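The structure appears below as C-alpha cells.
The values are calculated or read from the model by the stated rules, or taken from the named source; none is laboratory data. Just so we're clear, the structure is a prediction, and the values are computed from it rather than from any experiment. Virtual Cβ from ideal backbone geometry, glycine too; neighbours counted across all protein chains shown. In case anyone asks, the SASA skips ligands and DNA or RNA and just uses the protein heavy atoms, side chains included. Shrake-Rupley method; radii C 1.70, N 1.55, O 1.52, S 1.80 Å.
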Amino acid sequence: MTRRILVTAALPYANGPIHIGHLVEYIQTDIWVRFQKLRGNRCLYICADDTHGTAIMIRARQEGRSEEALIADMREQHVRDFAAFDIEFDNYGSTHSDENRQVCEQIWKSVTDDGLVIEKPVEQLYDPEAETYLADRFVKGTCPKCKAPNQNGDHCEKCLSNYTPKELIDPRSTLSGATPELRQAPHRFIQLEQLHDFLNEWTQSGNHLQPEIANYLKGHFLGDELRDWDVTRPPAYFGFEVPDFPGNYWYVWFDAPIGYIGSTLQWCKAHGESLDDWWRSPDCEVHHFIGKDITYFHTLFWPGVLKTAGLSLPEKVHIHGFLTVDGEKMSKSKGTFIQASTYADHLDPSYLRYFFASKLSSKVDDLDLNLDEFKAKVDSDLVGKVVNIASRCAKFVEDKTLSKSYPDDGMLFRRGALAADRIAEHYENCDFSSAIREIMFLADQANQYIESKQPWKLRKDQLKRGELREICTVGLNLFRQIVVYLGPVLPKLVQQTNELLSEPIQHWDDAKSPLLGTTVNTFQHMLQRVDPEQVEKMIEDTKDAQVTEASGDSATSPYDDGPEALATEPLSGEECTYDDFVKVDMRVARVVAANHVEGADKLLQLTLSLGGDVTRNVFAGIKSVYDPEQLVGRLVICCANLAPRKMRFGLSEGMVLASGPGGKDIFLLNPDEGAKPGMRVH
RNA sequence: GGGGCCGUAGCUCAAUCGGUUAGAGCAGCGGACUCAUAAUCCGUUGGUUGCCAGUUCGAGUCUGGCCGGCCCUACCA
C-alpha cells in the first residue's frame with residue numbers, strides 16, 4: 001500500500017551558514033525520504049529558513065541593509081549548500097512568507113478561540129539606543145556576587161552563580177553598548193497547562209517518541225504544571241505582527257515550526273494540491289526530524305498547538321544527538337567547526353553521507369566524526385568493497401551485453417533479494433547503521449564470488465567467453481543490487497550505475513530481479529579514496545575562515561578590535577597545562593625606584609617592592625616609552641621567580657609584564673585598584 | 001544539589017525474553033592471488049563485558065554500591 005508521508009527537518013536559522021553539524025540532520029532526513037520514495041511511497045521533504053527574531057534584526061542593522069535582503073542572501077547560501085550534499089527538498093520555504101503568515105494567523109485564531117491565550121506584563125531590560133528589548137544573552141555586566149567584570153546576563157562564569165540581568169552591576173547592551181533600562185510591556189502567553197492531560201497521553205503512548213525522550217519529558221516537565229509559553233514580543237522585533245495585538249510580534253519560536261506548514265502550503269499552491277490532504281488527513285503521516293536541543297518545542301509545545309488547531313499530530317518525532325569531531329565538541333579554534341561549503345570545497349559529499357549513514361541509529365546518542373575512521377570507512381567500504389565489484393567485472397564485458405538469462409550463482413542474488421525486507425526495516429526505523437552492516441555483508445559475498453570464479457583466467461581462453469560473461473553478469477547484478485540498497489544514501493552512485501548498465505534504478509524492488517541483456521558501458525571510476533591532504537586543508541581553511549570572520553565582525557561590533565595584534569604575534573599552538581602555568585609566580589609589585597641605566601639604550605633599572613621589605617632589582621626594556629619619574633609609585637605585575645640573570649649593568653631578578661610588539665608600542669600591565677604589592681596573580 | 005544516558009577486542013559497534021563456547025567490520029599478524037583505485041581472498045592473534053557485591057540452575061543483560069565519561073537541569077524552557 002502506498003503511504004503518504006510528510007517529512008520535515010528543523011529549519012536552519014538565517015543568521016549563519018550551514019555547518020557539518022547541521023548536515024547530520026538534513027542528511028539523515030534526506031536518506032529517509034529517498035528511501036520512502038524509492039519504496040514507492042508518496043513523500044514530501046519540507047524545510048525552510050527560520051528568519052525572524054532579534055538576532056536577524058540586529059545583524060541587518062549592523063550590515064546596513066534590510067532584514068529581507070539579509071535573509072534572501074542567507075537563503076541562497078543555504079540552498080546552495082544543501083544542493084552540494086544532494087539534499088533534495090520538495091519545498092524549501094521561508095518563515096517570512098505570505099503562506100506562513102496566513103497559517104500563523106489561522107493557528108493563532110484557534111488557540112485564542114480555545115481560550116489558551118492570556119496577557120501578562122513582562123519586565124525586561126531595554127536598550128534605548130537600539131530601541132529593542134534585550135534577551136539575556138545580549139546583556140553583559142559585572143557579576144553581582146563575585147564582582148567579576150564582563151559576565152553574561154544570566155550567569156557568571158567566574159563564580160558560577162545565577163541571577164537575572166536586572167541584578168547585574170553596570171549592565172550594558174552588547175548591541176549598542178548603551179546602559180539598558182528596565183521596562184515593562186504586555187506579552188501574550190499560551191497556557192500549555194490546559195493541554196497537560198493530552199500531552200501526558202500523547203507523549204507516553206503510541207510510539208511517537210523514542211523511549212528515552214518520553215522518559216525525559218515525563219521526568220522533567222510532565223510531573224509539574226506546564227509553564228505558560230511567552231509567544232509575543234514588543235517592538236522593535238523582526239517578525240509578523242499579531243493581528244489582535246497591534247504593535248506586537250510573534251516570537252520566532254512561535255512561527256518557526258508553523259513554517260513547516262507554511263512551506264507545505266507553498267508547495268501545495270505550486271502543485272495544485274490541498275493543504276488539508278497533508279496536514280488534516282488521517283491518511284498522511286507527519287514525521288519531524290530534529291536535534292535533541294529543541295526537544296521541548298517539538299514534543300510539548302508543538303503537539304499542543306497542532307492539537308488545538310485541529311491539525312495532524314506527528315506520527316513520529318525523530319530526535320538525533322549532536323555531532324562531535326574527533327571526540328570533541330566542534331571547535332572553531334581547532335578547525336573542526338567545519339562549514340558545509342568548506343567541506344565541499346575539499347571532499348566528496350558522498351563520503352559524508354555514507355559516513356553518517358554508517359553511524360546513525362534510532363538512538364539520541366551523539367555521533368562522532370573521527371577523521372581517521374572517516375577515511376578508513378569510506379576507503380574500505382565504498383572503494384575497496386562496493387565499487388570494486390563493478391570495477392573488476394565491467395572491463396571484461398565492456399561494450400557487450402549481459403547474459404540473456406540469469407546464470408546459476410549459488411543463490412547469491414536470491415539471498416541478496418531476500419535481505420531487501422530486513423534492510424528496508426532498518427531504514428524505516430532509522431537504524432541506518434544496521435542497514436549498512438547488512439549491505440556490506442552482501443558486498444563481501446560478491447567479492448568472494450568473483451574471487452572463486454577467477455574471471456581473469458577465463459578471459460585468456462576464447463572458448464570460455466560465454467562463461468566469463470555469465471560471471472560478470474552475476475557480479476554486476478550483485479553490484480547493482482547493493483547500489484539499490486545504498487541508493488537512499490548515495491544518489492550519485494545510483495546515477496553512475498544507471499549509466500554503466502544502461503537501465504535506471506527506479507524502485508526498491510529493482511533489487512529483486514536481475515538485469516539481463518542490457519549493454520555494459522565503459523567503466524569509469526565512481527569514487528576516489530579520501531585524500532588525507534584534502535582533509536588537512538579543510539581543517540586549515542576552517543581555521544582561516546575563523547580568523548577572517550573575527551576580523552569581519554570587528555567592523556560592526558561596538559569594540560573596534562582589529563586582527564593586527566594576533567597577526568603580528570600569532571597564538572601559541574602549544575598547550576600549557578595548569579601545572580605549567582602555576583610555575584610562573586606572578587606578583588603585584590610597586591615601583592619604588594626607577595633610574596636610567598648609563599650606557600643602556602633601552603633599559604630602565606627598577607626597584608620593585610613586593611610589600612614589607614621584600615624587593616627585586618629588575619632591568620626592563622621600556623625606556624622608549626616610560627620616564628623613570630612617572631613610574632615611581634605605580635603598581636605593576638612582575639614575574640617573581642624568573643631565574644636571576646646577570647646583565648652587563650647588574651643582576652636582574654625578575655621581569656615586568658608588558659604587552660605590545662615593542663618600540664613605541666609597550667604597555668605595562670597594572671592591576672585594578674585595591675591590589676596590594678605581594679599579591680599573587682592567579 | 002537533582003535527573004538521565006553510557007562503559008563489551010587497539011578502534012567502531014552487535015549479542016532477541018536472563019540461556020550453549022560473547023560475535024562482526026576495520027586495524028594488526030601470516031599466507032594466496034594479480035581482474036580491480038596498493039583493491040580482493042584465505043587463515044589468524046586479540047575480551048576477567050569498567051570494578052565490587054547480590055538475585056538466579058544460569059548474568060554482558062536484572063538489583064545495589066563504587067569508579068570513569070557524556071548530557072540535561074539548578075527553581076528558564
For chain A, share of DSSP beta bridges that run antiparallel, in % to the nearest 5: 70 percent
With runs of 4+ DSSP H residues as the only contributors, calculate the mean residue ellipticity of chain A at 222 nm using -39,500 (n - 2.57) per run, divided by the residue total and rounded to the nearest 500. -11500 deg cm²/dmol
Packing-ranked peptide list from A:72-82, A:623-633, highest mean Cβ count within 10 angstrom first, is A:72-82, A:623-633
Have a look at A:Gly327, A:Ile338, A:Val317 and report the one farthest towards the positive end of the charge dipole of the range A:299-365, computed about the Cα centre with Cβ charges (Lys/Arg +1, Asp/Glu -1). A:Val317
In degrees between 0 and 90, to the nearest 10, how far off the longest principal axis of chain A does helix A:98-113 point, with axes built from Cα atoms? 80 degrees
Expressed per residue, the solvent accessible area of the range A:267-359 in Å² (1.4 Å probe) is about 36 Å²
What is the Cα centroid distance between the range A:581-599 and the range A:65-126, reported in whole angstrom? 59 Å
Projected onto the charge dipole of chain A (unit charges on the beta-carbon of Lys, Arg, Asp and Glu, signs +1, +1, -1, -1), the Cα from A:Ala83, A:Ala376, A:Ala600 with the largest positive-side position is that of A:Ala376
May I ask you to list the lysines whose Cα is less than 16 Å away from that of A:Lys400, ignoring any residue fewer than eight positions away on the same chain? A:Lys464
Can you give me the distance in nm between label points at A:Glu438 and A:Arg459, each placed 7 Å from the Cα along the Cα-to-Cβ direction? 3.4 nm
If R₀ is 25 angstrom, what is the calculated FRET efficiency for the pair A:Ser274 and A:Arg3, using the beta carbon separation as r and rounding to 0.05? 0.90
If you put +1 on each Lys and Arg Cβ and -1 on each Asp and Glu Cβ, how big is the dipole of chain A around its Cα centre, in Debye rounded to 20? 1960 debye
Ignoring any ligand, DNA or RNA, what whole percent of the accessible area of chain A comes from carbon and sulfur when the probe is 1.4 angstrom? 48 percent
Net +/- balance of residues flanking A:Lys395 in space, Cβ distance below 13 Å, scoring K and R +1, D and E -1: +2
1.4 Å probe accessible area per residue over the range A:399-544, in Å²: 49 Å²
Heavy atoms of A:Lys120: accessible area, 1.4 Å probe, square angstrom to 10: 70 Å²
Taking Cα pairs under 8 Å and at least six residues apart, what relative contact order does chain A come out at, in percent? 12 percent
Charges on Cβ only, +1 for Lys and Arg, -1 for Asp and Glu, centred on the Cα centroid of the range A:427-536; of A:Val520, A:Val535, A:His507, which one is farthest towards the dipole's positive end? A:Val520
How much accessible area per residue does the range A:121-242 have, in Å², with a 1.4 Å probe? 51 Å²
Among all the lysines, which ones have a C-alpha under 28 Å from A:Lys147's C-alpha, if same-chain residues fewer than 8 places away are not counted? A:Lys158, A:Lys166, A:Lys583, A:Lys676
So which of A:Lys316/A:Lys363; A:Lys37/A:Lys492; A:Lys375/A:Lys543; A:Lys334/A:Lys537 end up more than 19 Å apart, counting from Cα to Cα? A:Lys375/A:Lys543
